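In what follows, a single structure is set out as structure tokens and then discussed.
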Number of protein chains: 2
Amino acid sequence: MSVNPLSPTPLYVQVADLIAARIESGELEPGKPIPSEKSIQQAYGVARGTARRAVEILRERGLVVTMPQRGTFVVEA
Amino acid sequence: MSVNPLSPTPLYVQVADLIAARIESGELEPGKPIPSEKSIQQAYGVARGTARRAVEILRERGLVVTMPQRGTFVVEA
DNA sequence: CTATATTTGTGCGTATGTATG
DNA sequence: ACATACATACGCACAAATATA
């Protein structure tokens, strides 16, 4: 899946939704890291700030936890 | 102190005045950084553009100098 | 042990679009 | 038309902590 820059839905929400779907599908497993901000930038073709906001949303949703200088991990079910 | 959105005085001027007062009171000391744009946003509940314009005014008044990617600092007395 | 690469945190610069008075 | 204000989104640079070679 990819992102649609023309959609009225902010890119960072779209990216968050795409990653959330990968978590819920089991592709990204509990306890394991999601892609780094840099990987997200490259994978979805967005700026780092956009990737960071997307991850911030996932934290707000309680799907992930971020450990500084370590990464962001899927929360245990 | 806080900001008044209903005042005829633009928000960015109000924010600039509040920060200027903190400089003149000595709370923000010469040579030391004033709060970041993000901190100003959060502290005064304004958008980033408003915070930026406020800092721009402080620069015009000669109260601070901005060093790109490093921060904005109170000028030496 | 040292050096490098990775990853997140922070800070500013800039541009565009939208809405309001 | 213009100024104000907010939101989104691109970018660069540097720091600090961690992971790896």
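All of the numbers you see were taken from the coordinates with simple rules; none came from a lab. This one's a predicted model, so the numbers in the text were calculated from it and none came from an experiment. Cβ atoms come from the backbone with ideal geometry, glycine included; neighbour counts cover every protein chain shown.
Loop-located GluC sites (Glu not before Pro) across segment B:2-77 with a Cβ neighbour count of 14 or fewer within 10 Å are B:GLU27, B:GLU76, with loop assigned by DSSP. Sequentially through segment A:30-43, phi angles give Karplus couplings (6.51, -1.76, 1.60; θ = phi - 60°) of x, x, 9, x, 7, x, 5, 4, 4, 4, 5, 3, 5, 5 Hz, Gly and Pro residues having no value and appearing as x.
Note on the protein assembly as shown: with charges restricted to the Cβ of Lys and Arg (+1) and Asp and Glu (-1), its dipole about the Cα centre is near 280 debye.
Between copies, the label points at B:SER7 (set 7 angstrom from Cα along Cα-to-Cβ) are spaced 4.2 nm, reported in nanometres from shortest to longest. Along chain A, the exposed loop sites are trypsin sites (Lys or Arg not before Pro) outside DSSP states H, G, I, E and B with at most 16 other Cβ atoms within 10 Å, and the longest stretch free of them is A:1-60. What sits nearest the axis between copies A and B, counting only chain A Cβ atoms, is the residue and whole-Å distance A:GLY49, 5. Distant-in-sequence amide contacts of A:VAL64, defined by a placed amide H-H separation under 5 Å and a gap of 5 or more residues or a different chain, comprise A:ARG59, A:VAL75.
Subtracting the Cα-Cα distance of B:THR66 and B:GLU24 from 0.36 nm times their residue separation leaves 13.3 nm of extension gain. A label point on B:PRO68, set 7 Å along the Cα-to-Cβ line, lies at 2.8 nm from each of its counterparts in the other copies, closest listed first. Pick from B:ALA16, B:ALA54, B:ALA43: which residue has the top mean-square fluctuation in a GNM of chain B where Cα pairs under 10 Å get a spring? For chain B, modelled as a Gaussian network with Cα springs under 10 Å, the answer is B:ALA43.
For chain A, the extents of the C-alpha atoms along the principal axes are 35, 26, 20 Å, listed from largest to smallest. Annotation for A:GLN42, label-to-label distances across the other copies: 3.1 nm (shortest first, one decimal, point 7 Å from Cα along Cα→Cβ).
Sort the protein assembly as shown into rounded, prolate or oblate with this rule: let a ≥ b ≥ c be the square roots of the eigenvalues of the Cα gyration tensor; rounded if a/c is under 1.5, and if a/c is not under 1.5, prolate when a/b is larger than b/c, oblate otherwise. List each step's numbers first, then the result.
Working: a/c = 2.79, a/b = 2.27, b/c = 1.23.
Prolate is the answer for the protein assembly as shown, as a/c is 1.5 or above and a/b outweighs b/c.
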